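Below is one structure, written out as structure tokens; comments come after it.
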Amino acid sequence: QVQLVESGGGLVQPGGSLRLSCLASGSTIITIYTMRWYRQAPGKQRDLVATIAGGGSTNYADSVKGRFTIFRDNAKNTVYLQMNSLKPEDTAVYYCNAEVWAVVNGKREYWGQGTQVTISS
């Protein structure tokens, strides 16, 4: 059984910073490939925010380029999203996504439960 658990969300003022974490856990994990952060604002579709491949290459949505940084610690099976210069429009539930090769289910995609980020003064 593979689980993704996000943490680090909260309420911050515009211009502030937050760091989200997502831990992939499960005794059957063999390899974690691409990891991604998505977000979904109320009444809107879920959008891709940032991607990091297994080798470390990254991609960002235009709306967060220069403000957000995705990075990973493979030894800890954890992906992070450092969010700086936060804006009210960054308010959303942030979801972690990962492609995981596990003994039991082979290679498949997993989602975390989401963590709320609210930017407000």
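The values are calculated or read from the model by the stated rules, or taken from the named source; none is laboratory data. Keep in mind that what you see is a predicted model, and the values were worked out from it rather than measured. Every residue, glycine as well, gets a Cβ built from its backbone with ideal geometry; the counts of neighbours run over all protein chains shown. For the accessible areas, the whole protein counts, side chains as well, though only heavy atoms, and no ligand, DNA or RNA atoms are used. Shrake-Rupley method; radii C 1.70, N 1.55, O 1.52, S 1.80 Å.
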Qualifying residues in the stretch 29-49 (those that are within 12 Å of the chain's Cα centre (by Cα) and aromatic (Phe, Trp, Tyr)) - the one surrounded by the most Cβ atoms within 10 Å (Cβ to Cβ)
37
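This table checks each residue for (1) outside any strand (DSSP E or B); (2) at positive phi; (3) in contact with a Cys (Cβ under 7 Å, 6 or more places away or on another chain); (4) not acidic (Asp, Glu).
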{"residue": "43", "(1), (2), (3), (4)": "yes, yes, no, yes"}
{"residue": "79", "(1), (2), (3), (4)": "no, no, yes, yes"}
{"residue": "86", "(1), (2), (3), (4)": "yes, no, no, yes"}
{"residue": "118", "(1), (2), (3), (4)": "no, no, no, yes"}
Of those in the stretch 78-100 that are open to solvent by less than 10 Å² (accessible area, probe 1.4 Å) and β-branched (Val, Ile, Thr), the residue modelled with the lowest pLDDT is 100
Name the residues in the stretch 45-55 that are within 15 Å of residue 82 (Cβ to Cβ) and assigned to a loop (DSSP other than H, G, I, E, B), would you?
none
Residue hits (the stretch 57-77; open to solvent by 40 Å² or more (accessible area, probe 1.4 Å), more than 17 Å from residue 6 (Cβ to Cβ) and not hydroxyl-bearing (Ser, Thr, Tyr)) are 59, 62, 65, 66, 74, 75
Scan the stretch 92-100 and give yes if some residue there is farther than 30 Å from residue 27 by Cα and assigned to a loop (DSSP other than H, G, I, E, B), otherwise no.
no
